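Structure first, commentary second.
The values are calculated or read from the model by the stated rules, or taken from the named source; none is laboratory data. From a predicted model like this one, the values you see are computed outputs, not experimental measurements. In this analysis, Cβ positions are derived from the backbone assuming ideal geometry, glycine residues included, and neighbour counts consider all displayed protein chains. Surface accessibility is based on the protein's heavy atoms, side chains included, excluding ligands, DNA and RNA. Shrake-Rupley method; radii C 1.70, N 1.55, O 1.52, S 1.80 Å.
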Amino acid sequence: MTAPTKVETTEEHIEETGPSNPLGAAVGNWWARVRGGDAGSLPALLGIIALVIVFAALRPNTFTNAFNFANLIHQAAAVIVIAMGLVFVLLLGEIDLSAGYTAGTAAAVMGVVVTRWGWSWPVALIACLITGAVVGLLIGLLVAKLGIPSFVVTLAAFLGLQGVLLQLIGEGGTIAIRDDTLLAINNNDMPVWLGWVLFALIVGGYAAIVLRRGAKRRASGLTYEAIQVTLAKIAALVVLLGLATYWLSIERSRNPTITSLKGVPIVVAVLLVLLVGLTFLLTKTSFGRHVYAVGGNAEAARRAGINVGLVKLACFMIASTLAAVGGIMLASRDNSISPSTGGASTLLYAVGAAVIGGTSLFGGKGRIVDAILGGFVIAIIINGMGLLNQPSSVVYMVTGLVLLVAASVDAISRRRARSTGRV
Amino acid sequence: MTVPEGAAGAATATEDAAPLLSLRGINKSFGAVHVLQDVDFDAYAGQVTALVGDNGAGKSTLIKGIAGSQPFDSGEYVFDGKQVAVTNPKHANELGIEVVYQDLALCDNLDIVENLFLGREVTKNGILDEANMERRAQETLAGLSVRTVKSIRQVVASLSGGQRQTVAIARAVIWNSKLVVLDEPTAALGVAQTEQVLRLVRQLADNGLAVVLISHNLNDVFQVADRISVLYLGRMAAQMKTKDVKSNQVVEVITTGRSDAIGGITNGNGELK
């Protein structure tokens, strides 16, 4: 046996040897990954671009104007938040069919507390979130401890919560939301200057994190991303978010002298906080690592000493609590809660959003940002078809088709992944 | 690079050292079935001890008892000079005993570093300390002379069978374990990969660990093992040094429980009882 020599276990230090074109190398690596079946967010991004081009061409005035852009965000917000919760459940390889009515029920509880009982909005919000958490706790216990398939448990919850929602709303038909703060969440905008502050915070924060991580990895002698690639990513973020912020800062009221409508919607800040916080939870903590492990191989996770039941329980609670947040957004947008709040296609749009964004239905693969990208794909379809004056029948058919395409991309990429050994 | 002959090198240095693991008079029954009867078994630090025997001889029951997942009914369990009662896997892990089961128990969707530290992630202020884990993973793999893995940040699904086995073994040794039990590590592998894994098994022993290797393949056993223990119908038929025996003699013990050349039930040094 020869003496052990210094072992090369890390990737071939492409960056350190200083290739002529690190950006090209990074793009090459990324393309190899996509071809190998790890498409990530690419289908969703291409979908967004294609849809925007199509609708902008067909409705150049109404689709691309700032008013519609803000409207699109408001429309997408609830589905995006519910989809973020579903990502946790889908990562386990489970499903939550009740997320839509959990949103509706939690919103109804909020409505009862703030409108019927006349209590203050913070109490109503907390009651709403607790409702979501309790629903998630019950589902999680039944799935994790009793071992009932999540499909069945959440199907039962889907039916049961529909009844609870009707019960809460009662004969009246709707609960109106009149509290200004609750209405502001998914209707109002931040002052223009605050929008730009938010922009600066995001870009600055992102740049600080990625640059610091790169420097730390270089100092530890580990592989790191070429600085050119990092800078290119930061630049792309600056341009995209800068354009969006600028577009939203334009006066979009038809009659500015009566009401002024400008600035980044408040709901964008909520979405960003959730995006950053939940992404941190999934990628930077042991809990997040365990979620992926349970979704990848539950038996291996169990033998590694991970409490699989507890991880499942936590994921169902997170999903239902986020569904409750989605319910707040639905109620805020509609100014009321009705028996159909969170019903109809809300859940299916949310599942579709997560899958279109790149989260696998088979577990073990998915990110929070998927929910945002996929949510926008769906919102753009609904919004654009509406502007084209298409009837609901066509909207449903097109949305179904897009979901089918997304699921096919998922299945095909899994097949490619198996043949090339990527997951 | 060749794998050293079984009983060469390190074995002679620890000739008379006390065994790291010493089992005496082990019994285990499942209902009316007496699976292990008065079994004695020793494993030495720095040596590979092969555990062979036909199907149903009790190999799996013995390692599950060692690992604590199915504790023995009676018998003496001495580890590192102290009598211990290993009643659950966690206890075995705390003592420094790790078992690599045949199905490896890896998460395909996680990368090598993530799998190595699964369930025991290193955190700093509640945040995963990736740099620390990646460095330790590199050191561990380097210590095992692993040089076939391109990147330790590739997902395990992209690895070959031999590389997956390597990751599973590396996970068993990353926590400074003392005894590693390998259940059929080469069963599903091709020739080159088998060679690679056997080299790793030898490396573990040369690094000072006690290795228990369960195998059906006597070629493998004779290639890396310092000692061979044969179970026959729940009894320890023979514990021998590899250099003292021939392959056909071992086959005889496996199939009949005794061999004219070696004798019948023997004690730990291959002498007749």
Q. In region A:257-267, which residue that is open to solvent by 30 Å² or more (accessible area, probe 1.4 Å) and closer than 17 Å to A:N71 by Cα is farthest from the other protein chains (Cβ to nearest Cβ)?
A. A:T259
Q) Among all residue pairs at least 6 apart or on different chains, which show Cβ distances below 7 Å where the first residue, located in region A:172-188, is under 16 Å from A:V112 (Cα atoms) and open to solvent by less than 20 Å² (accessible area, probe 1.4 Å) and the second is modelled with pLDDT of 85 or more and part of a loop (DSSP other than H, G, I, E, B)? A) A:I177/A:N335
(Q) So B:T194 ticks every box in (1) within 12 Å of the chain's Cα centre (by Cα); (2) open to solvent by less than 30 Å² (accessible area, probe 1.4 Å) but one. Which box is left unticked? (A) (1)
Q: Just give me the residues in region A:273-295 being open to solvent by less than 40 Å² (accessible area, probe 1.4 Å) and within 13 Å of chain B (Cβ to nearest Cβ), in sequence order.
A: A:L282, A:T285, A:S286, A:G288, A:R289, A:H290, A:V291, A:Y292, A:A293, A:V294, A:G295
**Q.** Any pair with Cβ under 7 angstrom, 6 or more apart, that starts in region A:119-133 at a residue that is within 14 Å of A:T102 (Cα to Cα) and ends at one that is open to solvent by 20 Å² or more (accessible area, probe 1.4 Å)
**A.** A:A127/A:V109; A:C128/A:V109; A:L129/A:T321; A:T131/A:V109; A:G132/A:T321; A:A133/A:M317; A:A133/A:T321
Q | Among (1) surrounded by 15 or more Cβ atoms within 10 Å (Cβ to Cβ); (2) closer than 23 Å to A:I82 by Cα; (3) within 14 Å of chain B (Cβ to nearest Cβ) - the single one A:V270 does not satisfy | A | (3)
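When you scan region B:163-201, how many residues do you find that are assigned to a helix (DSSP H, G or I) and of a type in the set (G, A, S)?
We begin by selecting, within region B:163-201, every residue assigned to a helix (DSSP H, G or I); these are B:163-173, B:191-201.
From what is left, the residues that are of a type in the set (G, A, S) are B:168, B:170, B:172, B:192.
Final tally of qualifying residues: 4.
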Q: Considering (1) in the same structural domain as A:I73 (by TED's automatic domain parsing); (2) open to solvent by 70 Å² or more (accessible area, probe 1.4 Å), say which one A:F376 fails and leave the rest.
A: (2)
Q: Would you point out which residue out of B:V52, B:V48, B:V100 is farther than 23 Å from A:A300 by Cβ, under 15 Å from the mean Cα position of the chain (by Cα) and within 14 Å of chain A (Cβ to nearest Cβ)?
A: B:V48
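Against the condition closer than 24 Å to A:G363 by Cα and either surrounded by 20 or more Cβ atoms within 10 Å (Cβ to Cβ) or touching a strand residue (DSSP E or B) at 6+ places or on another chain (Cβ under 7 Å) (or both), how does B:D129 come out, does it pass?
Numbers: closer than 24 Å to A:G363 by Cα: no; either surrounded by 20 or more Cβ atoms within 10 Å (Cβ to Cβ) or touching a strand residue (DSSP E or B) at 6+ places or on another chain (Cβ under 7 Å) (or both): yes.
No, not satisfied.
Looking at B:L218, B:L233, can you tell me which residue is surrounded by fewer than 24 Cβ atoms within 10 Å (Cβ to Cβ) and out of contact with any helix residue (DSSP H, G or I) (no Cβ under 9 Å at 6 or more places or on another chain)? Before you say what the answer is, go through the steps one by one.
Values: B:L218 fails: out of contact with any helix residue (DSSP H, G or I) (no Cβ under 9 Å at 6 or more places or on another chain).
Step by step, each of B:L218, B:L233 is checked, and only B:L233 is surrounded by fewer than 24 Cβ atoms within 10 Å (Cβ to Cβ) and out of contact with any helix residue (DSSP H, G or I) (no Cβ under 9 Å at 6 or more places or on another chain).
Going through region A:296-312 one residue at a time, which ones are assigned to a loop (DSSP other than H, G, I, E, B) and more than 7 Å from chain B (Cβ to nearest Cβ)?
Applying the first criterion (assigned to a loop (DSSP other than H, G, I, E, B)) to region A:296-312 yields A:297, A:304-307.
Matches in region A:296-312: A:N307 only.
Residues to consider are A:L243, A:L231, A:L237; find the one that is more than 23 Å from the chain's Cα centre (by Cα), in a helix (DSSP H, G or I) and either more than 15 Å from A:Y206 (Cβ to Cβ) or at pLDDT 85 or above (or both). Spell out the reasoning first.
Working: A:L243 fails: more than 23 Å from the chain's Cα centre (by Cα); A:L237 fails: more than 23 Å from the chain's Cα centre (by Cα).
Residue meeting the stated conditions: A:L231.
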Q: Out of the residues in region A:205-231 that are farther than 17 Å from A:N21 by Cβ, of a type outside the set (S, T, Y) and in contact with a helix residue (DSSP H, G or I) (Cβ under 7 Å, 6 or more places away or on another chain), state the one that is least open to solvent (accessible area, probe 1.4 Å).
A: A:L222
**Q.** Looking only at region A:299-320, and only at residues there that are out of contact with any Asp or Glu (no Cβ under 9 Å at 6 or more places or on another chain) and basic (K, R), the one that is surrounded by the most Cβ atoms within 10 Å (Cβ to Cβ)
**A.** A:R303
Q.
Return the residues of region A:201-222 that are within 18 Å of B:I152 (Cβ to Cβ) and either outside any helix (DSSP H, G or I) or more than 12 Å from every other protein chain (Cβ to nearest Cβ) (or both); say none if nothing qualifies.
A. A:S220, A:G221, A:L222
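Here's the yes/no breakdown for (1) closer than 30 Å to B:T194 by Cα; (2) more than 8 Å from every other protein chain (Cβ to nearest Cβ); (3) in contact (Cβ under 8 Å) with a residue 40 or more places away in the chain:
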residue: B:V78; (1), (2), (3): no, yes, yes
residue: B:N88; (1), (2), (3): no, yes, no
residue: B:C107; (1), (2), (3): yes, no, yes
residue: B:N125; (1), (2), (3): no, yes, no
residue: B:D129; (1), (2), (3): no, yes, no
residue: B:T148; (1), (2), (3): yes, yes, yes
residue: B:A157; (1), (2), (3): yes, no, yes
Q.
Among the listed residues A:G36, A:G40, A:G93, A:G47, identify the single one that is in contact with a helix residue (DSSP H, G or I) (Cβ under 9 Å, 6 or more places away or on another chain) and either among the β-branched types (V, I, T) or at pLDDT 90 or above (or both).
A. A:G93
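Which one of these is modelled with pLDDT under 90 and either out of contact with any His (no Cβ under 8 Å at 6 or more places or on another chain) or among the aliphatic types (A, V, I, L, M) (or both): A:A293, A:A269, A:A300, A:A319? Walk me through it before giving the result.
Working: A:A293 fails: modelled with pLDDT under 90; A:A269 fails: modelled with pLDDT under 90; A:A319 fails: modelled with pLDDT under 90.
Exactly one residue qualifies, and that residue is A:A300.
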